[in-house]
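The values are calculated or read from the model by the stated rules, or taken from the named source; none is laboratory data. These numbers were taken from a predicted model, which means no experiment stands behind them. In this analysis, Cβ positions are derived from the backbone assuming ideal geometry, glycine residues included, and neighbour counts consider all displayed protein chains. These area figures cover heavy atoms from the full protein model, side chains too; ligands, DNA and RNA do not enter into them. Shrake-Rupley method; radii C 1.70, N 1.55, O 1.52, S 1.80 Å.
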Amino acid sequence: MLILVNYILFNSMENLYFDYVLRTRYGETDQMGVIYYGNYPQYLELGRVEWLRSLGISYKEMEKEGVMLPVVSLHIDYKKPAFYDELITIRTQLKELPSSKITFDYQIINEKGEVISTANTTLVFVDVNTWRPVRCPQRILAAIQQKMKS
């Protein structure tokens, strides 16, 4: 039975993604006319924040409640360039149920539907005053579990 529960959870987890569409700006390009690689972590942040917002959770409110989420791991694979004035989709997907950490996988997709970048981040829930790790807030877990049911 435990195997079946894990399998169901995994299948439900695959549906926990959010797409955020962004038009690239001229100021994000480099001398070669492509989006500068250093901008991608900001795109991932947009994806994360909007993923949380799609669950009804404001990152700003979470910080006011005393919990922050610093990035402790970031990995990006660049497959193809993004260009100025191109619509890109930042697909943000929860990898597993959070504990004291939360891990996301990302795909950045161009207008042609091509995956131009993949990434992964891990963040840790910390107390804003002590910077010590804390468990994922219950309301975030509840919002995730509610989304998994729908």
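Listed by chain and number, the lysines whose alpha-carbon sits under 27 Å from that of Lys79, ignoring those within fewer than 8 places in the same chain, are Lys95, Lys112.
Per residue, what volume in Å³ does the convex hull of the Cα atoms of the chain enclose? If you can, show how the numbers build up before the last one.
Values: hull volume 19.7 nm³, N = 150.
Taking the convex hull of the Cα positions in the chain, it is 131 Å³ per residue.
Here Ser150 sits with roughly 110 square angstrom of accessible surface, probe radius 1.4 Å.
Compute the signed sum of charges (Lys and Arg +1, Asp and Glu -1) over the other residues within less than 14 Å, Cβ to Cβ, of Val128. Summing Lys/Arg as +1 and Asp/Glu as -1 gives -1.
Scalar couplings 3J(HN,Hα) for the stretch 127-140, obtained by applying the Karplus form with A = 6.51, B = -1.76, C = 1.60 to θ = phi - 60°, are 6, 4, 8, 9, 6, 8, x, 10, 6, 4, x, 4, 5, 6 Hz; x denotes Gly and Pro.
Below 9 angstrom from the Cβ of Phe104, what's the summed charge of the other residues (Lys, Arg +1; Asp, Glu -1)?
Numbers: positive: Arg48, Lys95; negative: Asp105.
Taking every Cβ under 9 Å from that of Phe104, the sum is +1.
Straight-line cross-link reach from Lys149 at under 16 Å between alpha-carbon atoms covers these aspartates and glutamates, not counting any fewer than eight positions away in the same chain: Glu14, Glu96. For the chain, the longest principal axis of the Cα atoms and the long axis of helix 40-54 meet at an angle of about 40 degrees. Between the helical axis of 2-13 and the dominant principal axis of the chain, each derived from Cα atoms, what acute angle in degrees is found, rounded to the nearest 10? The answer is roughly 40 degrees.
Between Asn129, Asn39, Asn120, the Gaussian network model of the chain with springs among Cα atoms under 10 angstrom shows the greatest mean-square fluctuation at Asn129. Residue ranking by accessible heavy-atom surface, 1.4 Å probe, largest first, among Arg91, Arg23, Arg48 comes out as Arg23, Arg91, Arg48.
Overall, the chain carries a charge dipole of about 440 debye about its Cα centre when +1 sits on the Cβ of Lys and Arg and -1 on the Cβ of Asp and Glu, all other atoms neutral.
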